[in-house]
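Single-structure report; data block below.
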Amino acid sequence: MRKTAVFLFVLVFCCFLLGCRDSSSRRGAQPSEYTGVTSQAKISEDTVKDLATQNFTKMQGSTDLSTSIPNLPMMGMVSEGGGTLSAGSFALFLSTSVLELIQAHDTSAQGNALYLGAVMEESYTEACSGGGKIYVDESFRDRSDTITGSMTIDFDNCREDGILLDGYVTADVTVKCKDHDCYYFTATGDIHFDDLIASGDAGTQTISGSVRMESDQTDDNYSFISMRINMVTTEDTGKTHWLDDMVIEHGQDYRYNGALTVGMNGRFYDHDHGYVDIDTETPFKYYDNNIYPSQGEYVMKGADNTRARFICIDNQIYRLLADTNGDGVDDYNSGALYWSDLY
C-alpha cells in the first residue's frame with residue numbers, strides 16, 4: 001500500500017495550496033453533477049449557521065498532518081456524525097501523495113543510474129488491507145532538474161482504515177528539483193477524478209471534478225501548497241455541493257512546531273440555499289497539531305448585500321456575526337459556539 005498511500009497523500013496536499021484571489025475570472029459552466037439551487041443565497045438568521053458551518057467543514061475539516069501516510073484517508077474526509085466530505089482534506093491528501101511518489105521515483109532513478117531523459121513506465125496491482133485492490137499505471141520522464149509524471153489509479157472497492165474507495169483518479173505533475181535528491185522543489189499539476197466514491201461510517205460521498213495544484217518546498221523552514229478546486233460532492237441523501245473555483249492555500253512553518261496556516265477564497269454552492277462567495281480576511285492557524293484552529297476569520301457574501309463573518313476565537317470556540325438585511329450593520333450574533341460540536 002506504500003505507493004498508493006503516497007500517491008493519495010500528495011494529491012490532497014497540493015489541492016490545499018493554490019494561491020489565487022481572483023476566482024470569478026476562471027469560473028466555468030455548471031457541472032451536470034450539481035443538482036441544487038443555483039441562485040445566490042440570502043443570508044438570514046435561519047440560514048447563516050448552516051451555510052457557514054457547511055462551508056468550513058467542506059473546506060477544512062481536520063488538518064492534522066502528523067498522522068502517518070497509511071492513515072491519512074481518515075483525515076477529515078468524512079466528518080464525524082455529519083456524513084459530509086471535507087474537500088480540502090481530500091484534496092490535500094491526494095496532492096501530497098503524488099509529490100512523494102515523484103520524489104520516490106527520482107531517488108529510484110538515481111539508484112538505477114537511469115540516463116538523462118529516460119522514461120520509466122510501470123503498471124502494478126496492490127491488495128488493500130480491508131479488501132479490494134488498486135490498479136496503478138504511471139509514467140515518469142527525467143529532464144535535467146525537472147521530472148514530469150502521469151499516473152492513473154483505479155480503486156476497486158479498496159478499503160483502508162475504515163474508508164472504502166471506488167473509482168478513478170488521474171494526475172499530471174511537473175516537479176522542478178532544487179537539489180540533487182529533490183528534497184527541495186517546486187511543483188505544479190492537474191488532478192482529475194470522475195465519480196470517485198468514498199464511504200465511511202458517517203456516510204458516502206461521490207466526488208467528481210479537478211484540482212490545479214502548486215507546491216513550494218524550497219527551504220527547511222516553510223512549505224506552501226495551493227489548490228484551485230472545481231469539485232462536486234454528492235451525498236448518499238442525493239444532496240450535492242459544488243466548489244466553484246475554490247482556492248485553498250495551506251502553509252506549514254517548521255520554525256514554530258509545524259504551525260499550519262489555511263486560507264480559502266472562492267464560491268461555494270449549497271444544495272438547499274444556493275451559492276455564497278468566500279473571502280478569508282485572517283488565515284486560520286493551527287498550532288501543536290490541534291485539529292481546531294486558534295485564530296482566523298472569513299467573510300461569506302450573499303444576495304442583497306447580506307453577509308456573515310466566521311470568527312475563530314480560540315481552539316475551543318468560534319462565533320458567527322451576520323448582516324441579514326444588507327444595511328452594513330451586523331444584526332445577528334451567534335454567541336459562543338464550540339468546535340467540538342462542529343466536527
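Counting other beta carbons within 10 Å of each Cβ, put Lys49, Lys133 in order, fewest first. Present the calculation step by step, with values, prior to reporting the outcome.
Numbers: Lys49 17, Lys133 13.
Ordered by Cβ neighbours within 10 Å, fewest first: Lys133, Lys49.
Can you classify segment 183-246 as rounded, prolate or oblate using the Cα gyration tensor, where a ≥ b ≥ c are the square roots of its eigenvalues, rounded means a/c under 1.5, and otherwise it's prolate if a/b beats b/c and oblate if not? Mind showing how you got there, number by number?
Numbers: a/c = 3.09, a/b = 2.28, b/c = 1.35.
Cα axes put segment 183-246 in the prolate bin.
Using the Karplus curve 6.51 cos²θ - 1.76 cosθ + 1.60 with θ = phi - 60°, what ³J(HN,Hα) values do you get for each residue of segment 304-319, in whole Hz, with x for Gly and Pro?
Karplus values, whole Hz, x for Gly and Pro: 6, 6, 6, 7, 9, 10, 9, 10, 7, 7, 6, 7, 10, 10, 10, 9.
Give me Leu165, Leu260 sorted ascending by neighbouring Cβ count inside 10 Å, so fewest comes first. Please report the intermediate quantities before stating the final value.
Working: Leu165 24, Leu260 21.
The order, fewest Cβ neighbours first, is Leu260, Leu165.
Give me a comma-separated list of calculated 3J(HN,Hα) values for segment 177-186, in order, Karplus coefficients 6.51, -1.76, 1.60 applied at θ = phi - 60°, integers in Hz, x for any Gly or Pro.
Going residue by residue, I get 7, 9, 8, 4, 8, 6, 6, 9, 6, 10 Hz, with x marking Gly and Pro.
Taking other Cβ within 10 Å of each residue's Cβ, how do His273, His192 sort, fewest first?
Values: His273 22, His192 16.
Result, fewest neighbours first: His192, His273.
R0 = 41 Å: FRET efficiency of Asp50 with Thr146, Cβ-based, nearest 0.05? Can you show the working numbers first?
On the way: r = 46 Å, r/R0 = 1.12.
Using R0 = 41 Å, I get an efficiency of 0.35.
Skipping prolines and chain starts, which residues have an amide H placed within reach, meaning under 5 Å, of the one on Gly326, given they are 5 or more residues away or on another chain?
Arg307
Report the equivalent ellipsoid semi-axes for segment 149-216 in whole Å, largest first, defined as the square roots of five times the eigenvalues of the gyration tensor built from alpha carbon atoms.
On the way: eigenvalues 167, 35, 23 Å².
In descending order the semi-axes read 29, 13, 11 Å.
Step through the table entries Lys49/Lys239; Lys178/Lys285; Lys49/Lys285; Lys239/Lys285; Lys42/Lys239, compare each Cα-Cα distance with 24 Å, and write down the pairs that go over it.
Working: Lys49/Lys239 18 Å; Lys178/Lys285 28 Å; Lys49/Lys285 21 Å; Lys239/Lys285 31 Å; Lys42/Lys239 19 Å.
Lys178/Lys285; Lys239/Lys285, as the Cα separations exceed 24 Å there.
Could you run the Karplus curve 6.51 cos²θ - 1.76 cosθ + 1.60 with θ = phi - 60° over segment 262-275 and give me ³J(HN,Hα) per residue in whole Hz, x for Gly and Pro?
10, x, 8, 8, x, 10, 10, 9, 9, 4, 8, 10, x, 9
The numbers here are math on the coordinates, done by the rules we state, and not lab data. Because the structure is predicted, anything quoted here is derived from the model rather than measured. Note that we place each Cβ from the backbone using ideal geometry, even for glycine, and neighbour counts take in every protein chain shown.
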